[in-house]
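Enquirer: Shown below is the structure under consideration.
Derivation of every value follows stated rules applied to the coordinates shown; laboratory data play no part. If you're wondering where the values come from, they're calculated on a predicted model, not measured in any experiment. For neighbour counting, all protein chains shown are included, and Cβ atoms are generated from backbone atoms with ideal geometry for every residue, glycine included.
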Amino acid sequence: MFQRFRRKRLNSQLRALVREHHVRVDDFIYPLFIRSGEGVKIEIASMPGVYQMSIDVMVRECETLKVLGLHSVILFGIPDVKDSIGSDALSEHGMIARAIRALKQAHPDMFVVSDLCFCEYTDHGHCGIIDHVHQTVNNDATLEISARQALVHAKAGVDMIAPSGMMDGIIETLRLGLDGAGYESLPIMAYSTKFASGYYGPFRDVAESTPSFGDRSSYQMDPANRREAIAESLEDEAQGADILMVKPALAYLDIIRDIRERSSLPIAAYNVSGEYAMLKHAGAAGLIDYERVMMETMLSFKRAGADIIISYHAKEVANLL
Ligand code: PBG
Ligand code: ZN
């Protein structure tokens, strides 16, 4: 029988020529967690290889990243003092503003993204201002302070903001606020499709942002909903997002593909803390070939349709490439 195309005919060179997808160092954004102090580098037990760092350590870390070819980071601030409205996030002297300024000053060639949310900054650990009557986040009050937060990041010199709180109308609010203040060319990467997920567990250890009551299901999405997931991203596109995101990534590859087919915007996949921790701990227990499974996982994001991968594995991937 005539065979149209047989894998057996491929030698390694031809295999390389016909490979459909590639993982490149340029695909990655590396998350960094910033806290106060000097010379501070604290490893997180649930995420081996991930650290909370003081600004000076973070700036030196970026030196290493650049040597590896990594030029994009996303910053998360962990303030000393948390309160009900996350005041530290609204101050030009707050953790994140100082980190952005120091990083851009030391490494102007680094592309600095800031996570824009309140859960790391509030004493209750929710992603916005709490409406105490309803014991949930007050969407519109949170929009107001989010616009202020965006300007703090913009003035500090950030290259892109990434709102992660899933408030309704957030993209339009931020776009109008930034444009009105002269930051028309500052891009927004929307956490446009963000599920209420158990995979964020280890992140909440790192960012010290576990909600003190309730959960995030009033503002994050039901993992069962595909149509809603698509609609949320398209809504953010309509409001002016420059990049869409699906988070988590691994359990939601179908959603990445769905959005890829419906939008021409770039898509970021957030390979979250729980996904990282699973591979790390399975690798450490000798259950899997860690590097092989890691690269296979990264490739799956590209194959699903992601352009950008936000991952705690980025350094290890860069080392391998
Ligand atoms: C803040 C935020 C979270 C993550 C990124 N930004 C946590 C959350 O929504 O609870 C999760 C990242 C990860 O798990 O790696 N809103
Ligand atoms: Zn949040």
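Enquirer: Stick to the Cα atoms of region 46-125, pair each with every other, and give me the Kirkwood hydrodynamic radius in Å at one decimal.
Expert: After inverting the pairwise mean of 1/r, the radius is 13.4 Å.
Enquirer: Of all beta bridges DSSP finds with both residues in region 22-320, what is the antiparallel percent, to the nearest 5?
Expert: So the antiparallel bridges in region 22-320 amount to around 15 percent.
Enquirer: Now, a different point. Report the rotationally averaged projected area of the chain based on its alpha-carbon convex hull, in square nanometres.
Expert: Average of the hull's projected areas for the chain equals 18.6 nm².
Enquirer: Work out, in µm²/s and without decimals, the Stokes-Einstein translational diffusion coefficient of region 271-321 at 25 °C, 0.890 mPa s, Rh from Kirkwood over C-alpha pairs.
Expert: D, rounded to a whole number, is 218 µm²/s.
Enquirer: Another question, if that's okay. Please give the length that would be gained between Ser212 and Glu63 if that part of the chain were fully extended, namely 0.36 nm times their separation in residues minus their C-alpha to C-alpha distance (nm, one decimal).
Expert: 50.0 nm
Enquirer: Suppose every Lys and Arg Cβ carries +1 and every Asp and Glu Cβ carries -1, with no other charges. What dipole size does region 1-103 come out with about its Cα centre, to the nearest 20 debye?
Expert: 1300
Enquirer: Continuing with this model, one more query. Within 10 Å of each candidate Cβ there may be at most 14 other Cβ atoms; applying that plus a DSSP loop requirement, which GluC sites (Glu not before Pro) in region 1-55 survive?
Expert: Hits after loop and neighbour filter: Glu20, Glu38.
Enquirer: Continuing with the same structure: Write down the Å³ per residue value for the convex hull defined by the alpha carbon atoms of region 171-321.
Expert: Per residue, the Cα convex hull of region 171-321 comes to 144 Å³.
Enquirer: Take Cys62, Cys127 and order them by how many other Cβ atoms sit within 10 Å, fewest up front.
Expert: Cys62, Cys127
Enquirer: Give me Rg over Rh for region 78-139, both radii from the alpha carbons and Rh done the Kirkwood way, two decimal places.
Expert: 1.09
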